[in-house]
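Below you'll find the structure, written out as structure tokens, and then a few comments.
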Amino acid sequence: MTYINPRIETPHTLNFIKLASNKISKVNLIVHGQGVFIFETKNNLTCNLTFYDDSNSSGLKVQFTLNSVLVNELPSNIPLLDVYNTKGLTTNQGAYYWFSLDSQNHTLYAGIGEPREETIIYQYTFRFNTDDERKANKKFLESLTHIEISNDTVKPMKLLRDPITQTTPMLIKSTDELSMDDIAEGRYLPDANLSVAAQTLYRCVSGKKFVLDTKDFPEFSKAIEYSINSPDGWCNKRLQQKATEFNKDKPNILETYLRITLNQNNGESPGIPYVMEIWPVGHYSPVHNHGNANAIIRVLHGAINVSLFPYLSADVGPFDVVDFVKNDITWISPTLNQIHQLKNLPTNTNACITIQCYMYNNENMVHYDYFDYIDDNGKTEQYEPDSDMDFIQFKTLMKKEWSEKIVAKCFSC
């Protein structure tokens, strides 16, 4: 997937046509010869789908089995083998699958979980002895117009217009800061290539004046640190109160963080859309998703460690771990970066403070107002995003605590 890929935006609505037998459905590709089909399995034994041309005479037969992904060219039935492919379907909770067709680069990919380079389990690139062979294969792949799926084995989820091509950057950069080297090396995601919803969020929190320590309270971050570390501080007390938030039976002070909300819930996000989150040193979240919402996350103070997961499950580990520092801005879409775990590593010396903001795509009519998370027993539970305090009220309280600290220090002198 390239960093300029519109697939970061809204997936297209699937247009299903049930065929006469009622055992097979047809999905039209958005662009002939390319796209990503995302699906779940109905029986965990096998999944069958076929990419066809208009006449159903030529195509690619794709089968996910328990141990592998099998692809055959039709009508010749020539196998397109990936000799390194040793994975297929899994019994892991929450797993889903995808297949990518790329006529421009003559490449086929298959994977488990989020459709991206890091989750690939099968890959095949066509090879040619002559340019005529290359042209003929391009014509063949571009002739593929639709997918036929077995209704007994496949539960469709999404159809994406563009294929997987390369790794997607985690960091966003505004277009007026991008260099030619940045574009060539794909180091950053241009803000212009975010979805419409994500662009709205990015523009609200990416400005130079969107900072924690302001002229009216330049010690804000220090005051928060003091409140966390002081037994009498509001932050310290509130964290203690939240020790059972994710497990009622096993209090865990480290699995806590504070949510300071800005403004009100306007019905366009899971919970209040703008949240300042405070992560003391050593604290972390459970592995969780984001209700199929877009999100923008900016680090305002300290550093945060983010583990990314292919799907929400106690049975699978992260496919990547990334560290973000002050002023780094990253993103979440309904399709990518949805499942993660945040940690302020014990080796850090400062609390981490982030601004996190959320918004559903306009096409999202479900508005699932929860973050699902994995509890200590490996079960998926619901968390309804809440607020520990309004931002204005919190800032006033921190000023008060900081002033009292200064006064007490003066008296002790």
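Read-outs: derived from the displayed coordinates by stated rules, not from any lab. Just so it is clear, the structure is predicted and the values come from calculations on it, not from any experiment. Here the Cβ is made from the backbone with ideal geometry for all residues, glycine too, and neighbour counts use every protein chain on show.
Miscellaneous remarks
- Measuring between their Cα centroids, the stretch 364-392 and the stretch 210-253 lie 20 Å from each other.
- Per residue Cα convex hull volume in Å³ - calculated over the stretch 172-412: 140
- Here the stretch 175-202 and the stretch 264-332 have alpha carbon centers that stand 19 Å from each other.
- For the stretch 257-271, backbone phi angles converted through the Karplus equation (6.51, -1.76, 1.60; θ = phi - 60°) give residue-by-residue couplings of 7, 9, 10, 9, 9, 10, 6, 10, 6, 9, x, 10, 7, x, x Hz, Gly and Pro being listed as x.
- The chain: relative contact order in percent, alpha carbon pairs under 8 Å with at least 6 residues between: 17
- Where the Cα pairs of the stretch 165-283 fall when distances are cut into 5 Å bins, in %: 2, 9, 13, 15, 15, 15, 14, 10, 5, 2, 0
- Look at where the Cα atoms of the stretch 51-112 and of the stretch 124-146 average out, and the two centres are 16 Å apart.
- Under the shape rule built on the C-alpha gyration tensor, where the axes satisfy a ≥ b ≥ c, the stretch 226-292 is oblate, since a/c reaches at least 1.5 while a/b does not exceed b/c.
- Principal axis extents of the Cα atoms in the stretch 6-160, from largest to smallest and rounded to whole angstrom, are 46, 36, 33.
- Each other residue within a Cβ distance under 13 Å of ASP182 adds +1 if Lys or Arg and -1 if Asp or Glu, for a net charge of -3.
- Dipole moment magnitude, nearest 20 debye, the stretch 129-197 about Cα centre, only Lys, Arg, Asp, Glu C-beta charged: 300
- Relative contact order (%) - criterion: Cα under 8 Å, at least six apart; region: the stretch 228-352: 25
- Karplus 3J(HN,Hα) series, Hz, for the stretch 178-189 with 6.51 cos²θ - 1.76 cosθ + 1.60 (x for Gly, Pro): 6, 9, 5, 5, 4, 5, 5, 8, x, 7, 10, 8
- Dipole of the stretch 288-380, positive end: most advanced residue of ASN364, ILE332, VAL322 [Cβ charges, Cα centre]: VAL322
- Given their separation in residues at 0.36 nm each and the Cα-Cα distance between them, ASN377 and GLN264 gain 37.3 nm when the chain is fully extended.
- With the charge dipole of the chain set up from +1 on Lys and Arg Cβ and -1 on Asp and Glu Cβ about the Cα centre, the Cα lying farthest toward the positive end among the listed residues VAL205, ASN229, ILE164 is that of ASN229.
- The Cα atoms of the chain define a convex hull whose projected area, averaged across directions, is 23.6 nm².
- Least to most buried among LYS215, LYS395, LYS139, LYS248 (fewest other Cβ within 10 Å first): LYS215, LYS248, LYS139, LYS395
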